[in-house]
1. Build a GNM of the chain with springs between Cα atoms under 10 Å: which of 84, 109, 16 gets the top mean-square fluctuation?
2. What's the percent breakdown of Cα-Cα distances in the chain across 10 Å bins, shortest bin first?
3. Among residues other than residue 39 whose Cβ falls under 13 Å from its Cβ, what is the net charge (Lys/Arg +1, Asp/Glu -1)?
4. Spelling out what I want: for every residue of the stretch 62-77, take phi, set θ = phi - 60°, compute 6.51 cos²θ - 1.76 cosθ + 1.60 (Karplus), and round to whole Hz; glycine and proline get x.
5. From the helices alone, meaning DSSP H stretches of at least four residues, give me the mean residue ellipticity at 222 nm for the chain, per-run term -39500 (n - 2.57), in deg cm²/dmol to the nearest 500.
6. Please express the Cα-Cα pair-distance distribution P(r) of the stretch 88-128 as a list of whole percents, one per 10 Å bin, running from 0 to the bin with the greatest distance.
7. Explain nothing, just compute: Karplus ³J(HN,Hα) = 6.51 cos²θ - 1.76 cosθ + 1.60, θ = phi - 60°, for every residue of the stretch 15-28 in order, whole Hz, x for Gly and Pro.
8. Where a Cα-Cα gap under 22 Å defines reach, which lysines qualify for residue 96, not counting those fewer than 8 residues away within the same chain?
Amino acid sequence: MDFLSALKERNVNNNSYREILTFDENGEEIRILTNIFDIPAEEILELYRLRWKIELFFKWIKQNLKIKKWLGHNENAIKIQIYSALIAYIILALLKLELKVNIPMISLSRIIRGNLLENESIFSLLTG
């Protein structure tokens, strides 16, 4: 029994699904199931590619900008939080380049955060 047949067998709503088969750059098979029948397969694949880029962007935000929850719930509040986190990340990246230190961004972030109110140079914190 193939994948689509198994899905239809388990489908309690008896909805119709469309299976689109494609291959990634390594030749690995990718199957996409959709209930959209009025759009060509190429357009659906492009929509999934774009959606995947958005998913990867948010994964990067969570991993690198450490946004664990949204502080606001409207579009403007979310934009401000993302922009603020991006600015902080860029400042840290520029600092890392300027001081030529070879430490992970998370470590740099922790050192800065832990010594914000200390009267010591950033350079001595990172090299000493």
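Read-outs: derived from the displayed coordinates by stated rules, not from any lab. In this text the structure is predicted, and so the values were computed from the model without any measurement. A quick note on method: Cβ atoms are made from the backbone with ideal geometry, for glycine too, and the neighbour counts reach across all protein chains shown.
1. The residue that fluctuates most here is 16.
2. For the chain, the pair-distance distribution reads 9, 25, 21, 21, 13, 9, 3.
3. Numbers: positive: 18; negative: 38, 42, 43, 46.
So the environment of residue 39 carries a net charge of -3.
4. 5, 6, 9, 9, 6, 8, 9, 8, 7, 7, x, 10, 9, 4, 5, 4
5. On the way: 5 runs with 69 residues, N = 128.
Helix-only estimate at 222 nm: -17500 deg cm²/dmol.
6. Distribution as computed: 29, 65, 7 percent.
7. 6, 8, 10, 10, 9, 10, 9, 9, 10, 7, 5, 9, x, 6
8. Reachable lysines: 62, 66.
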